[in-house]
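This report refers to the structure that appears directly beneath it.
The values are calculated or read from the model by the stated rules, or taken from the named source; none is laboratory data. Fair warning: this is a prediction, and the values are worked out from it, not measured in the lab. Note that each Cβ is placed from the backbone with ideal geometry, even for glycine, and that neighbours are counted across all protein chains shown.
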Amino acid sequence: MKRISVILKWLLIGWGTFSLLGALIIGGFFAYQFSLGNRDRINTASTKDVRFIFNWSNLGEDRIEKVIKSHVSGRSFTGDHLDAYAIKVTHITIEELSANKDQFNQQWYRGDQLPKVLDDAVSFVEPWLGEIPWFPREAELRSAEIYAYICSIHYYGIRPSAAEIIFVRPKDKMLFFFSGKT
């Protein structure tokens, strides 16, 4: 009987040590993710980091020339963030943007001819522009010089609470990406 209680004692001590170490590791991981490891990354994006934008819009990642500016914010516990990129592309034409339509009716819209849902999303972008001064202003986003592509827009009631939009300015071969959530 004494031998069983000694074995049981050491098993419980071992299990407690294992549990404590696991809790410290998991707690440390979350503490790092929500403090030191969760910082804004400004102008650190590479061409590999932005490939998804070209794939989402069916433009193809072979157009990426250089990431000019980037802003990737830390994430809050609820996922609130601001990510934005300015990317120089090798080629893009108004004709291809006007003709680009896939089976899900995804298409490019000229900035001065936005449908209501995209118009709401552009209004959602405007308050964030103070943090990204290099991003086109709202007036330019609504001009004939810019084309917009909706990746996703999430609504809370009748107002957007998150949006992912790609903007292209063909005259100087610039692509801008915005992703924000409040």
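General remarks:
- When the stretch 39-53 is filtered for residues that are surrounded by 12 or more Cβ atoms within 10 Å (Cβ to Cβ) and either at pLDDT below 85 or under 14 Å from the mean Cα position of the chain (by Cα) (or both), the ones remaining, listed by number, are D40, R41, I42, N43, A45, D49, V50, R51, F52, I53.
- Taken over the stretch 51-71, the criterion of being without any contact (Cβ under 8 Å) to a residue 40 or more places away in the chain, more than 16 Å from E96 (Cα to Cα) and part of a helix (DSSP H, G or I) is satisfied by R51, F52.
- Between W134, W108, the distinction of being in contact with a Lys or Arg (Cβ under 6 Å, 6 or more places away or on another chain) and either surrounded by fewer than 17 Cβ atoms within 10 Å (Cβ to Cβ) or not basic (K, R) (or both) belongs to W134 only.
- Consider the stretch 54-90 and keep the residues that are charged (D, E, K, R) and more than 13 Å from the chain's Cα centre (by Cα). The one that is modelled with the lowest pLDDT is E61.
- Tally, over the stretch 146-177, of residues that are under 23 Å from D62 (Cβ atoms) and of a type outside the set (A, V, I, L, M): 12
- Selection count, the stretch 119-140, where residues are closer than 19 Å to D172 by Cα and either at pLDDT below 90 or in a helix (DSSP H, G or I) (or both): 3
- Residue in the stretch 142-159 that is without any contact (Cβ under 8 Å) to a residue 24 or more places away in the chain and at positive phi present: yes
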